[in-house]
Amino acid sequence: MEDGTLKSPGHCGDTAADYDVLQWDTRVDCEVRQILDRIADKWSLLVIALLDQKSLRFTELKRKIDGVSQRMLTRTLRHLERDGLVERTVYPTVPPRVDYALTPLGASLHTTIKALVTWTEGHQNEIAAARNAYDQRATEDALATV
C-alpha cells in the first residue's frame with residue numbers, strides 16, 4: 001500500500017457552496033483529498049494532458065514526459081486506470097501492444113486541467129514578478145541579519 005493511503009477510505013461530506021475548505025483536508029479518511037492528491041500530482045497531469053490528443057503507447061508516453069521513470073509512469077497509469085480516468089487496451093501481438101487512452105471521465109477532467117493551464121499562462125508574468133520581489137526581499141533580509 002502506498003504511503004498516505006488508507007485501507008478503507010470514507011466519505012467526508014459534500015462540497016456545497018457554504019462548505020469549509022478545510023473540512024476535507026483535516027480528515028484522515030477523506031476520499032476527496034485522496035482523489036485530489038492523485039490527480040494533482042505532476043505525472044498524472046502530464047499523462048492526462050498528453051492522452052487528450054490521442055491514445056498513446058507506454059513508450060510514447062515515456063518519451064514525451066521528460067524525467068519520468070519507467071516505474072513511476074507504470075504506477076501513475078495504474079492509478080489513473082483504477083480511478084477510471086484512463087483505459088488500457090492490450091492487443092494480442094508479439095510483443096504485446098498496449099495503448100492508453102482517456103475515458104470520458106478522464107476527458108472531462110482534462111477540460112478542468114486545461115482551464116488551470118490557461119490561467120497559469122495568462123498570469124505567468126505576474127507570478128514571475130512576485131517571485132522576483134520575494135527573492136529580493138529574502139536576500140535583503142538575509143544581508144540585514146549578517
Discussion item. Among the residues of the stretch 129-137, are any of a type in the set (Lys, Arg) and open to solvent by less than 100 Å² (accessible area, probe 1.4 Å)?
Written reply: no
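Considering only residues that are part of a strand (DSSP E or B) and either touching an Asp or Glu at 6+ places or on another chain (Cβ under 8 Å) or open to solvent by 90 Å² or more (accessible area, probe 1.4 Å) (or both), which ones fall in the stretch 98-115?
TYR100, ALA101, LEU102
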Worksheet item: Do we have LEU61 as at pLDDT 95 or above, within 18 Å of the chain's Cα centre (by Cα) and open to solvent by less than 50 Å² (accessible area, probe 1.4 Å) here?
Response: yes
Worksheet item: Which residue out of THR76, THR118, THR93 is open to solvent by less than 90 Å² (accessible area, probe 1.4 Å), assigned to a helix (DSSP H, G or I) and modelled with pLDDT under 95?
Response: THR118
Worksheet entry | Pairs, first without any contact (Cβ under 8 Å) to a residue 40 or more places away in the chain and within 17 Å of HIS110 (Cα to Cα) in the stretch 81-99, second open to solvent by 80 Å² or more (accessible area, probe 1.4 Å) and part of a strand (DSSP E or B), C-beta under 7 Å, six or more apart | GLU81/GLU87; GLU81/ARG88
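If we keep just the residues of the stretch 79-90 that are under 16 Å from ARG57 (Cβ atoms) and outside any helix (DSSP H, G or I), which is most open to solvent (accessible area, probe 1.4 Å)?
Ranking the candidates gives ARG88 first.
The values are calculated or read from the model by the stated rules, or taken from the named source; none is laboratory data. Values in this document were obtained by computation on a predicted structure and should not be read as measured data. Ideal geometry is used to build each Cβ from the backbone, glycine not excepted, and the neighbour counts take in all protein chains shown. Heads up: the accessible areas ignore ligands, DNA and RNA and are worked out on the full protein's heavy atoms, side chains in. Shrake-Rupley method; radii C 1.70, N 1.55, O 1.52, S 1.80 Å.
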